[in-house]
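The values are calculated or read from the model by the stated rules, or taken from the named source; none is laboratory data. As the structure is a prediction and not an experimental result, all values here were calculated from the model. No Cβ is skipped: glycine too gets one built from the backbone with ideal geometry, and neighbour counts run over all protein chains shown. Ligands, DNA and RNA are excluded from the accessible area calculation, which covers all protein heavy atoms including side chains. Shrake-Rupley method; radii C 1.70, N 1.55, O 1.52, S 1.80 Å.
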Amino acid sequence: MNRRGGHLAIVTGKDIGRVLLWMTGALLSFTTMAVSVRELASALNVFEMLSIRSAFGLSVLLCLALLRPSLRHLLRTRRLPLHGLRNVIHFGAQVGWAQGVVLLPLATVFALEFTTPIWVAVLAVLILGEQMTASRAGTVLLGFLGVLVILRPGMGNFDPAALLVLGAALGFAATSVATKALTGTDATYTILLYMNLFQLPLNLMFSDPLFPLKLGSEQALPVLGMAVSGLASHYCLTNAFRSGDALIVIPLDFLRIPLIAVVGWLFYGEGLEVFVFLGAGLIVAGILWNLLAEARTTRAARPVAAAND
């Protein structure tokens, strides 16, 4: 059971079915994005790859506005500076993540990317003034230990490219904090529109103007994967959260790590590194600890709020 809108609701099999459906789409989209980056790396740089993603996303969103007049008022925003700051940071994070996919084993990239919620917990305290609870501190500590297990600095296994992914995770966390601020005034459509509107020229700035001519028929599927997976991953993950609680959605999202590890093993001959899974386990344990603690706090606060109404 869970509570929605102040009423007791039962999580039905239909609800869980919807979550599983949307999360399957999200997992496939994230995996497709990583594989598309790998396959396009021989022909394009990361800015050119991400230009494809931004151009497709912007085209789809503008076409939707043309076809659905009800969306046109969402083209405007009063928070342009925050959109600009958010997307400059997100641009840098996307570039770091994509470069990490090119240089590192896929499972390592996805495991390190899951440090994003840890950075969010830290930034929420520093920027939003939220309280540093015991569970949030535990998340940070376990996440730090998980990163050490994955990277094992000083043991000859450290790859400096991992710092790009950790930097990307920090950037994604800052983006999440900015998104949380924007959702108070702007719709999801508006946030996605300005994400692509800002990032397309930034990516084109560092791209060869004739980069589409570098592509051949053998890159058709990766280009399609790059174009579609960007919007599809956001759309599926958002709908998964609409269909079920975070306690259901987030553990399913962690399936990204074993899924991408199998893909890396099958298609790229990457080893199934035990330390990556051990480190990822520590990171996941910390995030789930905090998630459960936050859920208990929320449940305990609701009867008090109801009694005061």
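Table: residues versus (1) at pLDDT 95 or above; (2) surrounded by fewer than 22 Cβ atoms within 10 Å (Cβ to Cβ).
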{"site": "Leu71", "(1), (2)": "no, yes"}
{"site": "Leu75", "(1), (2)": "no, yes"}
{"site": "Gly84", "(1), (2)": "yes, yes"}
{"site": "Ala98", "(1), (2)": "yes, no"}
Of all helices (runs of 4 or more DSSP H) fully inside the stretch 66-155, the set with 1 or more residues that are under 22 Å from the mean Cα position of the chain (by Cα) and more than 23 Å from Leu252 (Cβ to Cβ) is 80-103, 116-126, 134-151
Residues of the stretch 156-173 classified as part of a helix (DSSP H, G or I) and free of Cβ contacts under 8 Å to residues at least 60 places away in the same chain, total: 3
With the structure loaded, tell me whether Gly286 is in contact with a Ser or Thr (Cβ under 6 Å, 6 or more places away or on another chain) and in a helix (DSSP H, G or I) or whether it fails that test. yes
Out of everything in the stretch 17-34 that is open to solvent by 40 Å² or more (accessible area, probe 1.4 Å) and β-branched (Val, Ile, Thr), what residue ends up being farthest from Tyr268 (Cα to Cα)? Thr24
Scanning for something within 24 Å of Phe277 (Cα to Cα), among the aliphatic types (A, V, I, L, M) and in contact with a Phe, Trp or Tyr (Cβ under 8 Å, 6 or more places away or on another chain), does the stretch 90-104 turn up at least one residue? yes
Tell me, yes or no, whether the stretch 5-14 has at least one residue that is in a helix (DSSP H, G or I) and touching a residue at least 12 places away in the same chain (Cβ under 8 Å). no
Search result, residues across the stretch 175-191 that are small (Gly, Ala, Ser), within 18 Å of Val88 (Cα to Cα) and either outside any helix (DSSP H, G or I) or open to solvent by 30 Å² or more (accessible area, probe 1.4 Å) (or both): Ser176, Ala181
Determine whether the stretch 136-158 contains at least one residue that is over 30 Å from Leu272 (Cβ atoms), open to solvent by 30 Å² or more (accessible area, probe 1.4 Å) and aliphatic (A, V, I, L, M). yes
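I'd like to verify a number: residues in the stretch 25-36 that are of a type in the set (Val, Ile, Thr) and either free of Cβ contacts under 8 Å to residues at least 60 places away in the same chain or closer than 9 Å to Gly225 by Cα (or both), how many?
2
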Filter the stretch 264-283 for residues that are in a helix (DSSP H, G or I), among the aliphatic types (A, V, I, L, M) and open to solvent by 20 Å² or more (accessible area, probe 1.4 Å) and give the result. Leu266, Val274, Leu278, Leu282
What number of residues within the stretch 192-210 satisfy the criterion of being closer than 20 Å to Gly96 by Cα, assigned to a helix (DSSP H, G or I) and aromatic (Phe, Trp, Tyr)? 1
Name the pairs: first residue in the stretch 287-298 and over 11 Å from Ser135 (Cα atoms), second residue at pLDDT below 80, Cβ to Cβ under 8 Å, at least 6 apart or on different chains? Ala295/Asp245; Ala295/Ala246; Ala295/Leu247
Here is a list of conditions, (1) open to solvent by 60 Å² or more (accessible area, probe 1.4 Å); (2) without any contact (Cβ under 8 Å) to a residue 60 or more places away in the chain; (3) not hydroxyl-bearing (Ser, Thr, Tyr), and Leu103 meets all of them except one; can you say which number that is? (2)
